[in-house]
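Undergrad: Got a structure for you, written out below as structure tokens; questions coming shortly.
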Amino acid sequence: MNHRDRAFTLVELLVVITIIGILMAIILPSIAGAQRSAREAQERKQLSDVNTAWKTWASSHKNSYPIPGLARRQRFDVNGNGVDGSDPFVAGSGREDASWNDHASLLSLCIMEGLITPEQLVSPNEYSDSVYTYNDYRYESLGVADGDDTLKWDPGFSNDLRGDTLGYGHNSYAIMPLAGERRRDQWDRPGNSSFAVIGTRGPVDGDASLLNDVDAGGSPQTPSNTAYLMAKPGGWRGILVYADGHSDISEGFYPQGSTYKTVDPNNGSTLQLPDNIFKADVDPIEAYISNTSNLLGSDILLTHTHYGDQGSGGWSTASEINPFDIQFTPIHD
């Protein structure tokens, strides 16, 4: 006897489709959450690896993290009559040249020394089209003549994440500037467990209004790229690595336990206030001649810096004698 194949009825098809839809609604958020967790874990590993690289350097450099200006110094006064253009550049001799202590030079030096790779400096959560891995790092540039001096790292590595200077950037992460009192306290010597030295970048001055798609007046605005790195517009979430090497996730610009000291102008008492990691909250105690001396205090400040003219967002020295006396403009996107 012949039997006709039985087809699904319309009701049965609708039931199957409904069940599939329910399953997809349950599974897809779980998959997205797992992918997000994997990216966060990778970002934490990369940030920790960079900090570990600095500590490896410090173990053979008097407990100081890398200082590019000590790898590429000023001219050496061989005649004892003051430094001038006739004096040579001598490896390991001469004053520190702090004009090289921007983040582009720092990270390029670390790559040249084999401490890190270019891939470790681009976040798996990167949102900006102007930030990408520097795959053509020129290791062969080491020792190449550069005027009277020689190159110590590839100068093609860029830290200008806005793309204003060279049109691209090769580092996702915000780092403390190698300047002022924070360098003295947290970079040139073992730092403390509440001081962040590198992490997920954030908006200028930790201004939460820059994370929204409308400004304070209600007009549309393009949110900071940092709103999309590990959060959504309107909030910031990031991974921070501290001077002692431990890492943590922060839900906002004021990590728990990170504070700075200041003086109450009303009664002269000492105040301990929450530290905004993307803003210079306290002026330095030391006297600096820099025209951005307000950026040279001892509180946490995470940003990007790039070599070049300070007026265009670059990094320059205010004093050839004092390597802490720097003028620069923090770079944020």
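Undergrad: Tell me, what ³J(HN,Hα) does each residue in segment 254-263 have, in order and in whole Hz, if you take phi through Karplus 6.51 cos²θ - 1.76 cosθ + 1.60 with θ = phi - 60° and put x for Gly and Pro?
TA: The phi angles translate into 10, x, 4, x, 9, 9, 9, 9, 8, 9 Hz.
Undergrad: Please work out the Cα center distance from segment 264-318 to segment 51-68, rounded to the nearest Å.
TA: 23 Å
Undergrad: Same structure, new question: Under the Karplus relation 6.51 cos²θ - 1.76 cosθ + 1.60, θ = phi - 60°, what is the ordered set of whole-Hz ³J(HN,Hα) values for segment 113-125, x standing for Gly and Pro?
TA: Listing the rounded values in order: 7, x, 7, 9, 10, x, 5, 6, 9, 10, 5, x, 9 Hz.
Undergrad: Calculate, axis by axis, the spread of Cα positions in the chain along the three principal axes, and write the results as whole Å, longest axis first.
TA: 114, 60, 40
Undergrad: Which value in deg cm²/dmol, rounded to the nearest 500, describes the helix-derived mean residue ellipticity at 222 nm for the chain, given -39,500 (n - 2.57) per DSSP H run of n ≥ 4 and division by the residue count?
TA: Using -39500 (n - 2.57) per qualifying helix, the result is -7000 deg cm²/dmol.
Undergrad: Name all residues of segment 241-276 having a backbone nitrogen under 11 Å from the label point set 7 Å from the Cα of residue 285 along its Cα→Cβ direction, giving them as ranges.
TA: 261-262
Undergrad: Oh, and also: Give the cross-link partners of residue 261 among the lysines, using a straight C-alpha distance below 20 Å as the criterion and excluding same-chain residues fewer than 8 apart.
TA: Within the straight-line limit of under 20 Å, residue 261 reaches these lysines: 279.
Undergrad: Now a separate question. For segment 62-71, in order, what is each residue's ³J(HN,Hα) by Karplus, 6.51 cos²θ - 1.76 cosθ + 1.60 with θ = phi - 60°, in whole Hz (x at glycine and Pro)?
TA: 6, 6, 9, 5, x, 10, x, x, 8, 7
Undergrad: List the residues whose amide H sits under 5 Å from the amide H of residue 260, counting only those 5 or more places along or on another chain, with H placed 1.01 Å from N in the peptide plane.
TA: Amide H to amide H, under 5 Å and 5 or more residues apart or across chains, residue 260 pairs with 273, 275.
Read-outs: derived from the displayed coordinates by stated rules, not from any lab. Keep in mind that what you see is a predicted model, and the values were worked out from it rather than measured. Quick reminder, even Gly has a Cβ in these numbers, built from the backbone with ideal geometry, and neighbours come from all protein chains shown.
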